[in-house]
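Since every read-out is calculated from the coordinates, none of them should be taken as a lab result. Note that this is a predicted model, so its numbers are computed, not measured. Cβ: placed from backbone, ideal geometry, glycine included. Neighbour counts: every protein chain shown.
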Amino acid sequence: MEEPLAAAEPFERIGKRALRSLASSAKSVEHAEGHHVVEEGGTPLGFHLITEGEAVVEVGGKQRRQLRTGDYFGLISLIDGKPRSATVRATTPMRTLFISPWVFGPVLEAETTIARDLLPMLCELLRDAEQRDS
């Protein structure tokens, strides 16, 4: 499970030891076509990296974007524990690597370099959001 995680933007900068810790705690999850993997306003259950299939992101019932193999969702909720900002619905049979907050927290504490390595990417996400809003 290390290879898909290493290729995902949030984790491409982290060290091998930290990556191994995350990968060993990730689970492969299958989602049927039409399944709502996460619901807007719902409890933050964790991070998903799509390893097979496609999904759509919906906000307020409107489609915002398509997700494909290699895309991810749930990173912000994984970190801040706030409710989901969008619904993600599988549009094909889909498989994801899933990391729960209960697993991520202890790994983050043990592998402190993960937080440092995630900061530049999170800053970039914030800047992109600010530019879209202005």
(Q) Using 0.36 nm times the number of residues separating E109 and A6, minus their current alpha carbon distance, what extension gain do you get? (A) 35.1 nm
Q: Indicate the helices, whole DSSP H runs only, in the chain that combine a mean Kyte-Doolittle hydropathy of -0.5 or more with a Cα extent along their long axis of 27 angstrom or more.
A: 113-133
Q) Once the piece of chain linking H35 and T91 is laid out straight, how much longer is it, given 0.36 nm per residue of separation minus the C-alpha distance between them? A) 19.4 nm
Q: Compute the relative contact order of the chain as a whole-number percentage, counting only Cα pairs closer than 8 Å that sit 6 or more residues apart in sequence.
A: 33 percent
Q: Along Cα→Cβ, 7 Å out, is where each label goes; now give me the distance between the ones at Q131 and T43 in nm to one decimal.
A: 3.7 nm
Q: Divide by every residue of the chain the summed helix terms, -39500 (n - 2.57) for each DSSP H run of at least 4, and state the resulting mean residue ellipticity at 222 nm, rounded to the nearest 500 deg cm²/dmol.
A: -12000 deg cm²/dmol
(Q) Take K82 and E52, extend 7 Å from each Cα along the Cα→Cβ direction, and tell me the distance between the two endpoints in nm. (A) 3.5 nm
Q.
Check which residues have an amide H placed less than 5 Å from D71's amide H, if you skip close sequence neighbours.
A. I50
Q) Which of the lysines could a cross-linker span from K27 if the Cα-Cα distance has to be under 25 Å and same-chain partners fewer than 8 positions apart are dropped? A) K16, K82
Q: Would you kindly derive the ³J(HN,Hα) couplings of the stretch 54-71 from the backbone phi angles with the Karplus curve 6.51 cos²θ - 1.76 cosθ + 1.60 (θ = phi - 60°), listing them in order in whole Hz, with x for Gly and Pro?
A: 9, 8, 10, 9, 10, 10, x, x, 9, 5, 9, 6, 9, 10, 10, 3, x, 7
Q) Regarding the chain, what are the three Cα extents along the principal axes, ordered largest first, in Å? A) 39, 38, 24
Q: Provide the per-residue ³J(HN,Hα) series for the stretch 34-44, in order, calculated from phi with Karplus coefficients 6.51, -1.76, 1.60 and θ = phi - 60°, each as a whole number of Hz, with x at glycine and proline positions.
A: x, 5, 7, 5, 9, 10, 3, x, x, 4, x
Q | R0 of 25 Å, Cβ-Cβ distance T69-M121: FRET efficiency to nearest 0.05 | A | 0.80
